Every structure is written in C-alpha cells, then in structure tokens.
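Comments concern the structure below.
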Amino acid sequence: MKNVVWLLVVMSLVLTGCQTGRKVKTVSTIVPTMQDVDIDGSGIIDVNDMNIMASEWGKTGKDLKSDFDGDCFVGLKDLAIIADFWLEERENVGK
Ligand SMILES: [Ca+2]
C-alpha cells in the first residue's frame, strides 16, 4: 500500500510539471510560441531577449521569463528554443 501511495505522488508530480505564472505546463507538451520567446515584448527576438536570458541563466524557479520549456530551469533547452526564433519578427507589434 505504501508503494502505491508513493507511486501516485510521483505520477502527480510528473503530470503537473512546472507551474509558471503564465500558464500550467507539462514538460512533454510545451510548444513555445514566438510571443513566449519575445521576452521584452519588442516584436523581434534579438540580443535584448538574450540579455534577459543571460541574467536568468542557470537559475531555477517557477517565474523565470526564459524558461520556455517549463522545466523550471533556464538552460540549453531554452537556448535552443530562442535560437529557433532568432531574428524573427512579430506582426503588428507597436503599430
Ligand atoms: Ca527550461
């Protein structure tokens, strides 16, 4: 019985994933949008977004702006995501 309880606790933690202030994410279902990656909201993914990511690099927590994959850690996976959107521009931002 004790093992079943522990299994349920572990499964609920895995299914819950990291809960950020923006949305509830599970590690396996996150598909970041360009809006998520445009940290400063300027409409383009550029060095300003990278500077914000650099300030959070290696940190853990729930409210990290650069934690795009929702694993509560800012690291290489998040860097790969921002690289995918590098220099892309959003339409109708600031217009
Ligand atoms: Ca992350």
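Quick notes on this structure:
- Here the residues GLU56, GLU89, ranked from fewest to most Cβ neighbours within 10 Å of their Cβ, fall in the order GLU89, GLU56.
- Net charge, PHE73 excluded, C-beta distance under 12 Å - Lys, Arg +1, Asp, Glu -1: -2
- Near GLU89: Cβ cut-off under 10 Å, other residues only, Lys/Arg at +1 and Asp/Glu at -1. The net charge is -3.
- Residue list for the stretch 66-95, given a label point 7 angstrom along the Cα-to-Cβ vector of SER55 and an amide N cut-off under 17 Å: 66-68, 74-75
Throughout, read-outs are computed from the coordinates displayed, never taken from laboratory work. Predicted, not measured: the structure shown is a model, and the values here were computed from it. Cβ atoms come from the backbone with ideal geometry, glycine included; neighbour counts cover every protein chain shown.
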